[in-house]
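All of the numbers you see were taken from the coordinates with simple rules; none came from a lab. This one's a predicted model, so the numbers in the text were calculated from it and none came from an experiment. Counting neighbours? That spans all protein chains shown, and the Cβs are built from the backbone with ideal geometry, glycine included.
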Amino acid sequence: MSQALEAARPDVPGLARARRLVVKIGSALLVEEASGAIRQDWLEALAADLVALRGRGCEVLVVSSGAIAVGRHTLGLRRGKLKLEHKQAAAATGQIRLAHAYQAALAPHGVTVAQVLLTLDDTEERRRHLNARATLDTLLRLGAVPVINENDTVATSEIRFGDNDRLGARVAAMVNADTLVLLSDIDGLYTGDPRRDAQARHLPVVPAITPEIEAMGGEAPSGYSSGGMVTKLAAAKIAVDAGCRMVIASGRRLHPLRALEEGARCTWFLTEVTPRAARKQWIAGTLQPAGRLSVDAGALTALKAGKSLLPAGVTAVEGRFERGDAVAVAGPDGREVARGLSAYGAEDARRIAGQNSRDIEGLLGYRGREELIHRDDLVLTQP
Ligand code: GLU
């Protein structure tokens with residue numbers, strides 16, 4: 001963020017204030033189109049930038065494209081548009097190399113890399129959402145850098161370049177990231193297509209995604225590298241709604257994140273809510289509760305103090321719900337006091353209700369979570 005801009009717009013915090021950051025990397029930056037080789041020097045410079053951010057206490061996650069671009073060369077599928085099954089085969093071949101390249105780039109810094117393959121469904125469907133989120137949280141807590149890509153080999157629909165823009169935003173929303181960086185071959189949003197329109201003006205800050213801003217997305221290009229501005233604006237909407245600000249910046253140079261901090265041209269999309277508030281709003285306002293848990297007075301006091309809901313305090317379980325579904329929580333007088341995402345399905349919740357968390361394994365035959373609703377997934381609906 002340039003100092004001038006930060007001074008002019010004190011509401012535009014740069015990367016310096018990011019605490020949990022998702023960086024999405026496009027294929028064209030990482031992979032030589034002609035040879036399918038991974039650009040080692042670029043990746044090493046990126047790794048150094050990520051390590052610098054971590055050194056300042058920022059957690060980082062990477063969403064990286066490039067599996068198909070690498071794998072198609074390995075498989076000899078060099079020319080033209082690939083059929084879906086060829087893309088999937090290429091992704092399977094390229095992903096292993098891609099993950100290895102990240103591992104090799106971060107290992108000299110003593111940083112562990114974890115490969116996570118997700119489908120967009122995993123981020124949307126609530127049961128899997130909880131699992132994916134818990135895994136990513138755990139990896140961050142253990143100090144690893146998750147390197148995420150779409151699980152292209154099981155994708156049932158056409159794999160489109162640009163899907164990873166959306167995946168990056170969904171991951172950012174899922175892990176309550178405060179900042180999403182889309183590194184791309186363009187340095188931000190313009191009022192028109194700068195390749196065709198000499199009058200096109202660069203926008204450094206987008207305070208809100210209005211229809212006028214959306215119209216600037218134009219058409220998606222047909223090329224190999226980029227989903228174009230359309231998918232980036234779709235990503236911006238997802239991120240901003242989730243309380244995560246997003247920046248589109250050019251990744252063409254070495255050390256793109258450092259360049260961004262030093263004031264490189266970019267476009268920031270601002271948000272007015274915090275990730276926590278947005279998530280709570282989603283839980284309290286958007287989701288229909290599929291069941292109801294009644295709790296005793298002790299549990300009620302704990303919930304009001306911001307604690308998780310443990311099975312011990314639950315006196316009754318009503319309804320049919322799956323792990324990850326929203327449920328209402330009622331106090332001893334029967335009034336709803338909270339809503340949250342249940343870490344157990346209704347049947348298991350009934351078995352562990354009123355029991356000590358220590359006994360969950362004995363009761364269910366597997367070691368589940370200690371909380372029935374984790375405090376991050378719980379929102380009070382009554383003061
Ligand atoms: N998942 C694809 C790959 O790794 C890329 C999708 C995208 O670029 O949006 O090759």
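State the extension gain, in nm to one decimal, for the chain segment bounded by HIS86 and THR274, taking 0.36 nm per residue of separation less the distance between their alpha-carbons.
Contour length minus Cα-Cα distance gives 63.5 nm.
How far apart, in nanometres, would the label points at LYS304 and ARG252 be if each is projected 7 angstrom from Cα along the Cα-to-Cβ direction?
It works out to 6.0 nm between the two label points.
Kindly provide log₁₀ I(q)/I(0) values, in the same order as q = 0.11, 0.18, 0.22 Å⁻¹, from the Debye equation applied to equal alpha-carbon scatterers of region 314-383.
-0.25, -0.67, -0.98
Cα-Cα over 19 Å: which of LYS83/LYS232; LYS280/LYS307; LYS24/LYS232; LYS87/LYS237?
LYS83/LYS232; LYS87/LYS237
What does the net charge come to around THR267 if you take all other residues with beta carbon closer than 12 Å to its beta carbon, with K and R at +1 and D and E at -1?
Around THR267, the charge tally is +3.
Please give the residues of region 314-345, grouped as numeric ranges, whose backbone N is less than 12 Å from a label point set 7 Å along the Cα-to-Cβ vector of GLN382.
329-339
Grab the beta carbon distance between ARG79 and THR153, set R0 = 25 Å, and tell me the FRET efficiency rounded to 0.05.
The value I calculate is 0.70.
Compare the peptides 231-240, 40-49 by average per-residue count of other Cβ atoms within 10 angstrom and give them in order, highest first.
Put in order of decreasing packing, that is 231-240, 40-49.
State the extension gain, in nm to one decimal, for the chain segment bounded by LEU120 and ASP333, taking 0.36 nm per residue of separation less the distance between their alpha-carbons.
My answer for the length gained is 72.6 nm.
Where nothing but the Cβ of Lys and Arg (+1) and of Asp and Glu (-1) is charged, how large is the charge dipole of the chain around its Cα centre, in debye to the nearest 20?
Its charge dipole is roughly 300 debye.
Efficiency by 1/(1 + (r/R0)^6): what FRET value for ALA208 and ARG17, r their Cβ-Cβ distance, R0 = 30 Å, to the nearest 0.05?
After rounding, the FRET efficiency stands at 0.90.
Check every DSSP H run in the chain and write down those whose alpha carbon atoms cover 15 angstrom or more along the long axis and whose mean Kyte-Doolittle hydropathy is -1.0 or greater.
Span-like helices in the chain: 40-55, 84-106, 126-141, 163-174, 228-241.
For the chain, what is the convex hull volume of its Cα atoms per residue in Å³?
Cα-based convex hull of the chain, divided per residue, equals 155 Å³.
Run the quick spin-label model on GLU262 and LEU142: label points 7 Å from Cα toward the beta carbon, then report their separation in nm to one decimal.
3.6
Among all the aspartates and glutamates, which ones have a C-alpha under 18 Å from LYS304's C-alpha, if same-chain residues fewer than 8 places away are not counted?
Reachable aspartates and glutamates: ASP296, ASP333, GLU336, GLU371, ASP376, ASP377.
Could you work out how far apart the two model spin labels at GLU32 and ARG369 are, taking each label as a point 7 Å from the Cα in the direction of the beta carbon, and quote it in nm?
4.6
Could you work out the local net charge near ALA239, counting Lys and Arg as +1, Asp and Glu as -1, over the other residues with Cβ closer than 11 Å to its Cβ?
+3
Net charge within 13 Å of GLY36 by Cβ-Cβ distance, Lys/Arg positive one each and Asp/Glu negative one each, not counting GLY36 itself?
In short, +3.
Quick check on the chain: helices-only [θ] at 222 nm, where DSSP H runs of length 4 and up contribute -39,500 (n - 2.57) each and the sum goes over total residues. Nearest 500, please.
Result for the chain: -10500 deg cm²/dmol, rounded to the nearest 500.
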